[in-house]
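Single-structure report; data block below.
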Amino acid sequence: MSISTTELIWGLVIAVLLAGSLAYLFWKQRKEAKQNISTTPELQPVATKQLQLQAYERLILLTDRIAIPNLVNRLNQPGISAKDMQALLLHTTRQEFDHNVTQQIYVTPEAWDAVKNLKEQNLLIINQVASFLPENATALDLNKSLLELMAQNPKAFLHGVVAEALSFEAKKLMK
């Protein structure tokens, strides 16, 4: 059983809405950064700036680690069921996120929201794709379906936008 066109469209609509929201927040933040001269990074203590840069670095690494293609490649276990693979993907995504939750105190609320939205989008996509597979589907079936969905519409996924937003903010701190 494969994903129907209607179900795929609804999933993509949700993903596009999430991506659009994030793009708007990113644009708004860039605009505010250009207008707000009073918060120049040069005025921040060096130690604080270093902690913030390390936090952005860790969050960029997190976005890479929870990107669906990277999860699928890293966790691929052909001998298990799709349900077990789904559970493994969800658990690993949550675990990676939880391991980095403290970084939110060093980054802007917009940056943290972007990372949370990426995590939530990935969990939603994994669950949606898995829900359309037959009961006897394998991990290979799930992984293939996830990668095919990403290949069909790569711009609907937040990984690249989130990584770019985090990188932009880190570069602002280095000026």
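The table for this structure:
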{"item": "Residue match in region 68-89 (condition: among the β-branched types (Val, Ile, Thr) and more than 28 Å from Ile9 (Cβ to Cβ))", "result": "yes"}
{"item": "Residue match in region 9-27 (condition: more than 18 Å from the chain's Cα centre (by Cα), among the hydrophobic types (A, V, I, L, M, F, W, C) and modelled with pLDDT under 70)", "result": "no"}
{"item": "Identity of the residue in region 114-135, touching a residue at least 24 places away in the same chain (Cβ under 8 Å) and more than 15 Å from Leu158 (Cα to Cα), that ends up surrounded by the most Cβ atoms within 10 Å (Cβ to Cβ)", "result": "Val129"}
{"item": "Region 75-103, subset polar (S, T, N, Q) and closer than 14 Å to Ala139 by Cβ, residue surrounded by the most Cβ atoms within 10 Å (Cβ to Cβ)", "result": "Gln86"}
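The values are calculated or read from the model by the stated rules, or taken from the named source; none is laboratory data. Since the model is a prediction, treat every value here as computed from it, not as a measurement. So basically every Cβ, Gly included, is an ideal-geometry build from the backbone, and we count neighbours across all protein chains shown.
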